[in-house]
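Read through the structure below, which is laid out as structure tokens, and then see the notes.
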Amino acid sequence: MERELKIYEPEEEIILNMGPQHPSTHGVLRIILKLSGEKIVDVKPDIGYLHRGVEKLGETYTYVQFLPMLDRNDYLSATTNEFGYVLAVEKLAGIMVPERAQYIRVIFSELSRIASHLVWLGTFCLDLGGALGGGTTVFLYCFRERERILDIFEKMTGSRLHPHLMQIGGVRYDVYPSIDKDIKETLQTVEKRINEYEEMLINNPVFIDRTKGIGILPKEVAMEYGCSGPVLRGSGVKFDLRKACPYSSYDKFDFDVPSFDGGDVFDRFRVRMEEMRQSIKIIMQAIEGLPQGPISSQMPVKVKVAIKPKPGEVYVAVESPRGELGYYIYSDGKPFAYRVKIRAPSFSNLSVLPFLLKGHLVADVVAILGSIDPVFGDVDR
Amino acid sequence: MSQILNVLKVLKVATKNFFRETFTIMYPDKKREIPERFRGPLFGLPTDNNGDLKCIACKLCEQICPSEIINVTPAEGKNKSGRTYPEKFTIELQACLACELCVQVCPTDAIVMLKVPGWAALSRDELLLTLEKMVEYGKKYESSIIAGNILRNMQTPPRREKVAAT
Amino acid sequence: MVGIIFLTIIYIFVALFIVLYITWIERKFAAKLHNRVGPYYVGRPHGFLQPFADVLKLLLKEDIIPEQADRKIFNIAPIIVFIGALLTFPVLPVAKNIYISDLSVGLIYFFAVSSLIVFGVFLAGWASNSKYALLSAFRAGAQVVSYEIPLILSALVPVVLAGSLRTNDIIQAQKVPFALYPIFGWVSFIIFVIAGLAEENKVPFDVPEAESELVAAYNVEYSGIKFALFYAAEYVHILALSVLGSILFLGGYRGFYPHFGPEWLYQIFWLLFKTFIMLTLFLLIRWSFVRIRIDRLINFSWKYLFPISLFNLFLASLWKLFF
């Protein structure tokens, strides 16, 4: 008689409620984990704790008034939010944008991309815990560099996080006189420091141990779930909206789209590190070739009903630090939109979380979640 | 063995940072430099040389404010300089976005943002800026360089080019 | 008798004072590493009164007991942890003739008492009635079980070489200050430092505390004075382990000193100096790594540290037998 192999199956599973008040869920994500020991059996993410009805506000606010609201969506890279929206409205209303304004838009959205990735790097390392090469050390280093980028934002627009830099038809502020010196100095330091942090992290055996081979996202799954941005590129799909369908004046700059085939946390880390360098490259080119001319093609806004596009619909997407940020606007000829739909990159990227988490340990939850880099203002809107 | 060398590399970077100068600004002793275009939460209502308000109670700011927190009541009659003026002018700071649209639309540069980064209030009453308070704050604190006309001049496309284009 | 009570009180006060200033030094060190300033305004220059302000703040905070908690155990757990940490000191001599108790089984006593700490941690995790605290108590238990063995095995090497469990004898057996055991003495020193870090739940091995995963672990529900007890116990334990390390491997209170003045003063100086070296070592390692995952952590202990320390002990015994 064959001996029956009895496989031990744990009967008792505990349910751990991670979040919404949890230090490493990057805001207000609630993950309901079903654990067997420390192993994750089942995952149920729960979102909506930061829902502010931004899309609905877009139907009551006029096109002019809605812009400062969008800064609050993805608060780590506010300018890219405005960028997508102004592009959409301009396409809808058939407004041309002067070249100088296009360049300023590119410079500042790339600056905010670097700032956003720096925050990501810092918080990701904080999630991994420990000190150097993780933990508070890299966190504080990253914030030190981000501070200098935010100083440029503040000098330019007067506000650090919510710049309200763009307006339909151009930008609201012209550059201040010494901006090229400021940007060049800052970016040179930032580039040096990024290299330093990368050296610090990829040489750290424990960091490699925590990230390599964790949370592998195959190419096909990433595409099925509609992932975009660094999450998609970390899985080996070389897709970047700035290259695939260049908007504004991105076709004038020379840059690469980094992508790695591994699909794990470590590769997503490498994609973001490389992206920061490419952003620096773009900004350097843009600030060198900043053309003279007007910064807006429209007369300055005096009333809230200043923009009245023709009836119609439009979808415009930009590459935000998190991926494809799309705006769908349906206009019925009034000064406010009939419907605004925001395709948030964080939301689509986050939807892959249950797939990634199953079978991992509790300690990996924070690493994987950190590597996806959701911003909850963006997810919940 | 190579792992130990790698760890040494990590420690090298750490040591490098150990001897970098301190980044902190010792706040109450030393204050950060506030940029010219500062966009703060506090508003001021500047007056002209006669001591009259620049505000002409045109209600443009009230109209454009996304949060609808500005309330202007025009007074009957005119002031000494021969302009209309507001009787009441309130801003409820609880909901202010600091989007600067009110400053941008003002035709007479009559509302400006003040360079006060650390302003805080202890009660809700203080958050309701009245006309008197804003005039007082405008005199007390330095204001941001951005005012309606300056901002609009910055944005206006040159007329000649427009003619050439059409 | 009166002398011993007096000495005990001095021991406790000095230990707590040093613990307070370890926190201050640690914060300053981390701040420098981060290009920050660290504590500054409480007691200028450089906030040297900050530790007292911290203690005062913790004492004045509201003491919160969760409604669903097991109140008795919840209240008693921090006391067990704190007493367990403090009880390790009697067998640690600070000078040749200054000690509370010269037990003939001093080392066994030390490890037996310091095991009380994890008992308290486990009680705290259980009594808090919080899943995070419970998970962290599991982790603490697993970790201590795996790291206590290498720690004790590495501490046994000096014992074998000295032929005594009495701490004073071990110090006397080290002919030259600064530990000149043969090579396995140094190997066991390294293992002692690593396992000691794990015992203290310090950074690369702080899985039970893991603030980013398990929030703040077994002390997540504690506040005020009880939290302070946990915190203090942790640092007292670090101090005790540093003193033990300097006694076992660095020659304790032995050192060079001139032949005038009271001998015990120099001895205390040497012990403090060596303890300080040990503490710096712990701090440096603490600020150098990412947290290791719990499964790798236990792998590391059982697959590497345990066999190495066992083999090391075997070699030491052979050496002792033949030379």
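Bear in mind these aren't lab numbers, they're just calculated from the coordinates by the rules spelled out. Keep in mind that what you see is a predicted model, and the values were worked out from it rather than measured. Reconstructed Cβ throughout: ideal geometry from the backbone, glycine too, with neighbour counts over all protein chains shown.
The mean of 1/r over all distinct Cα pairs in the range B:1-90, once inverted, gives the Kirkwood hydrodynamic radius of 18.9 Å.
Based on Cα contacts under 8 Å between residues 6+ apart, chain C shows a relative contact order of 23 percent. The fraction of all Cα pairs in the protein assembly as shown landing in successive 10 Å bins from 0 to the largest distance is 2, 11, 18, 20, 18, 13, 9, 5, 3, 1, 0, 0, given as whole percents. Between A:ARG52 and B:LEU122, the FRET efficiency estimated from the beta carbon spacing at R0 = 41 angstrom works out to 0.90. Note that the range A:242-367 shows a convex hull volume over its alpha carbon atoms of 171 Å³ per residue.
Please give the calculated 222 nm ellipticity per residue for chain C, where each DSSP H segment of at least 4 residues contributes -39500 (n - 2.57) and the sum is spread over every residue; nearest 500 deg cm²/dmol?
Values: 11 runs with 209 residues, N = 323.
Value at 222 nm, helices only, nearest 500: -22000 deg cm²/dmol.
For the range A:245-318, the percent of C-alpha pairs falling in each 5 Å distance bin, counted from 0 to the bin holding the largest distance, reads 3, 10, 13, 14, 15, 14, 11, 10, 6, 3, 0.
With +1 on each Lys and Arg Cβ and -1 on each Asp and Glu Cβ, how big is the dipole of the range A:290-345 about its Cα centre, in debye rounded to the nearest 20? Each step should come with its number before you reach the end.
Numbers: 9 positive and 4 negative charges, 59 e Å.
Approximately 280 debye in magnitude.
Taken over the C-alpha atoms, chain A has Rg and Dmax values of 21.8, 91 angstrom.
So what's the back-of-envelope 222 nm ellipticity for chain A, counting only DSSP H runs of four-plus at -39500 (n - 2.57) apiece and dividing by all residues, rounded to 500? Write out the running numbers ahead of the final one.
Values: 15 runs with 180 residues, N = 381.
Counting only the DSSP helices, I get -14500 deg cm²/dmol.
Hydrophobic long helices, here whole DSSP H runs in chain C with Kyte-Doolittle means of at least 1.0 and Cα atoms spread over 30 Å or more along the helix axis, are found at C:2-33, C:106-127, C:131-162, C:224-248, C:263-286.
All alpha carbon pair distances within the range A:55-109 were sorted into 10 Å bins beginning at 0; the resulting P(r) in whole percents reads 23, 54, 23, 1.
With a sphere of radius 12 Å drawn around the Cβ of A:PHE255, what net charge do the other residues whose Cβ falls strictly inside it have (Lys, Arg +1; Asp, Glu -1)? So the surrounding residues net to -2. Near A:ASN203, once Lys and Arg are set to +1 and Asp and Glu to -1 for all other residues with Cβ below 15 Å from its Cβ, the sum equals +2. If contacts are Cα pairs under 8 angstrom and at least 6 residues apart, what is the relative contact order of the range A:68-115 in percent? Relative contact order comes out at 44 percent.
For the segment A:191-201, counting C-beta atoms of other chains within 10 Å of every residue's C-beta and taking the mean gives 2. With 21 Å as the limit on Cα-Cα distance, the pairs of A:LYS184/B:LYS31; A:LYS304/B:LYS140; A:LYS91/A:LYS238; A:LYS34/A:LYS358 that go past it are A:LYS184/B:LYS31; A:LYS304/B:LYS140; A:LYS91/A:LYS238. Among the GluC sites (Glu not before Pro) in the range C:1-97, those placed in a DSSP loop whose Cβ has at most 15 other Cβ atoms within 10 Å are C:GLU62, C:GLU67. Given a Förster radius of 25 Å and the C-beta distance between C:MET1 and C:LEU272 as r, what FRET efficiency does 1/(1 + (r/R0)^6) yield to the nearest 0.05? Efficiency, rounded to the nearest 0.05: 0.40.
Whole-Hz Karplus values for the range A:64-78 come out as 6, 6, 6, 4, x, 5, 5, 4, 7, 5, 9, 6, 8, 9, 4 Hz, taken residue by residue from phi with 6.51 cos²θ - 1.76 cosθ + 1.60 and θ = phi - 60°; glycine and proline positions read x.
Is the range B:33-76 best put as rounded, prolate or oblate by its Cα gyration tensor, with a ≥ b ≥ c the root eigenvalues, rounded for a/c under 1.5, and otherwise prolate when a/b is larger than b/c, oblate when not? Oblate, because a/c is 1.5 or more while a/b does not exceed b/c. Would you work out which of C:VAL157, C:GLN50, C:ILE83 lies farthest towards the positive end of the dipole of the range C:42-188? Charges go on Cβ: Lys and Arg +1, Asp and Glu -1. Ranked along the dipole, the leading option is C:GLN50. Using Cβ point charges alone (K and R +1, D and E -1), the dipole size of the protein assembly as shown about the Cα centre works out to roughly 1560 debye.
Which shape class, rounded, prolate or oblate, goes with the range C:1-151 when its Cα gyration tensor gives a ≥ b ≥ c as root eigenvalues, a/c under 1.5 marks rounded, and past that a/b bigger than b/c marks prolate?
oblate
When each of the peptides C:90-101, C:295-306, B:97-108 is scored by how many other beta carbons lie within 10 Å of its residues on average, the order from highest to lowest is B:97-108, C:90-101, C:295-306.
Listed by chain and number, the lysines whose C-alpha is less than 20 Å from the C-alpha of C:LYS28, apart from same-chain residues fewer than 8 away, are B:LYS12, B:LYS16, C:LYS57, C:LYS202. Spatial offset of the range C:22-39 relative to the range A:78-132 amounts to 34 Å, using the alpha carbon center of each.
Extents of the range B:35-128, taken as max minus min of Cα coordinates on every principal axis and listed largest first, are 37, 26, 24 Å. Relative contact order of chain A: 26 percent, from C-alpha pairs under 8 Å at least 6 residues apart in sequence.
Coupling constants for the range A:87-92 follow from the phi torsions by the Karplus curve (6.51 cos²θ - 1.76 cosθ + 1.60, θ = phi - 60°), and in residue order they are 4, 5, 5, 5, 5, 5 Hz; glycine and proline get x.
Using the Cβ of B:CYS106 as centre and a radius below 12 Å, the other residues enclosed give a net charge of +1, where K and R count +1 and D and E count -1. Mean-square fluctuations from a GNM of chain C, with a 10 angstrom spring cutoff on Cα atoms, peak among C:GLY224, C:GLY185, C:GLY120 at C:GLY224.
Between A:VAL303 and C:ILE108, the distance separating the two model label sites (each 7 Å from Cα on the Cα→Cβ line) works out to 9.5 nm.
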